[in-house]
Amino acid sequence: MFDEALFQQRLDDFKPEPLIIPVDPTKDIEILMVAEDNINIDLAKVNYLNLLNNDEIKKICEDTIREYGVGTCGPPAFYGTTDVHFELHERLAKFLRMEDSIVYCYGFLTLSHSIAAFCRKRDVVFVDERANLAIEQGLDIALSKVVKFTHNDPEDFKAKVQEVIAKEKKKTRKFLVVEGISWRTGKLCPLPEFIAVAEEFKIRVFLEESHSLGVFGATGRGLTEYYNIDPKRIDMIFGTFEGAIGSIGGFSAGSYIAIEHHRMFGSAYMYSASLPTYLVKVVLKSIELLGDAPRKFSGLAKTFNHFLEKECRFKVESHPEAPFKLIRIKPKTDEIKVSQYCKERGVHFIQSDEGLVINLNVSLLDEKEKLERVYEVLKGASELIA
């Protein structure tokens, strides 16, 4: 017979260990970020077109959350796709002048699994020796034969292709993966030269545009617009929304057939929850708001680059129009000295293994006093190591 008193006693005696360590509500939780004010200027945050601070976008997020909720609670192929996702697929494909597109929930996964969805063990993939980590992860997943060429060097790429062809006993599928703006160096890809070689040897071209979308080309369409190249010559354009677009997630765009294949074989697309609907709305609104911001940003980037090289005498490795500036200072002690000097005076940027990384924000053009202060602090820092 069920003993109610015994049951209640056992419930009262049950004292399990907590699943997590409780947070003391009386203590502040440390948030490692820069709170911008009259003293501190945040050039570490990636917010190239200042869309993270757009009130219209914030209002759209709020309205969308009230209608659709925060998350989709499902993968795209099941019940994670809304009418807003379909709208973005169509709008993004039109913006990039491709036939179709899909959207991932996370930028890093977009890059790695876009490669793994197409490349197989028997294939050969040519990739830059300085390719970013997400691309490297994708190649590891694909298990393809990887051939690396010298950074941004079409001539070395061609030489490597000829070596592979000369040795192969049976023809294999070949792919080229390049970054519009290198994550590691900030250098611009000489895309026309790479495409010429790829077309000569019938190699499929994948273009990664995380740091070029929104800031390169007159309307922000990336390198195809910047170089005036027909996007149809690219087999797939992919990247993240976490640069100029001001959202989270990533995209892949190509032909109808390629994207349909991607939907079926992109494991991270198939088995991860889809991008929350409110973040999809952010991308749609950001594309609408681009306007002449890419042109303005290009001017800021070139002016800032000129200041760093001519006034501060820094060695700037990144391209003059790159949205972030990579500064290399040797010895390392001098690099630390410059970083610390700027931080103490309220100008914050990233000190990475590659060097000092300054992420630009187009709003600096409208805040002249802030820009002048950045220049003043950087100039003072450069005089410490002159």
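The values are calculated or read from the model by the stated rules, or taken from the named source; none is laboratory data. Keep in mind the model is a prediction, meaning the values are calculated, not measured. With ideal geometry, Cβ positions are generated from the backbone for all residues, glycine too; neighbour counts draw on all protein chains shown. Quick note on the areas: whole protein, heavy atoms, side chains included, nothing else; ligands and nucleic acids left out. Shrake-Rupley method; radii C 1.70, N 1.55, O 1.52, S 1.80 Å.
Points to keep in mind about this one:
- Distances between placed amide hydrogens fall under 5 Å for Phe118 paired with no residue 5 or more residues away or on another chain.
- A crude spin-label estimate for the pair Ile257 and Glu155, with each label 7 Å from Cα along the Cβ direction, gives 3.6 nm.
- Relative contact order (%) - criterion: Cα under 8 Å, at least six apart; region: the stretch 1-105: 8
- For the stretch 205-246, the C-alpha radius of gyration sits at 1.06 times the compact-globule guess of 2.2 N^0.38 Å, with N the residue count.
- Sulfur and carbon atoms: percent of accessible area, the chain [1.4 Å]: 54
- Over the chain: helical MRE at 222 nm, DSSP H runs n ≥ 4 each giving -39500 (n - 2.57), nearest 500: -12500 deg cm²/dmol
- Efficiency of FRET between Glu56 and Asn228 - r from beta-carbon atoms, R0 25 angstrom, step 0.05: 0.20
- Label-point separation in nm, Ser267 to Glu344, each point 7 Å along Cα→Cβ: 5.0
- Contact order relative to length of the chain, as percent, for alpha carbon pairs under 8 angstrom and 6 or more apart: 23
- When the Cα convex hull of the chain is projected onto planes of every orientation, the mean area is 27.4 nm².
- Listed by chain and number, the lysines whose alpha-carbon sits under 25 Å from that of Lys285, ignoring those within fewer than 8 places in the same chain, are Lys45, Lys58, Lys59, Lys94, Lys296.
- Potential extension, Gln8-Asp83 segment - 0.36 nm per residue separation minus Cα distance: 22.0 nm
- Sum of side-chain charges, Asp100 neighbourhood, beta-carbon under 15 Å (Lys, Arg +1; Asp, Glu -1): 0
- Residues in the stretch 211-260 average 33 Å² of solvent-accessible surface per residue, probe 1.4 Å, ligands and nucleic acids excluded.
- Cut-off of 10 Å, at most 10 other beta carbons, DSSP loop: longest stretch of the chain lacking such trypsin sites (Lys or Arg not before Pro): 203-386
- DSSP-loop chymotrypsin sites (Phe, Trp or Tyr not before Pro) across the stretch 51-114, with at most 16 other Cβ within 10 angstrom: Phe78, Tyr79
- Taken one residue at a time, the phi angles of the stretch 259-271 give Karplus couplings (6.51, -1.76, 1.60, θ = phi - 60°) of 6, 5, 4, 4, 4, 8, 10, x, 4, 5, 6, 6, 10 Hz. Gly and Pro are set to x.
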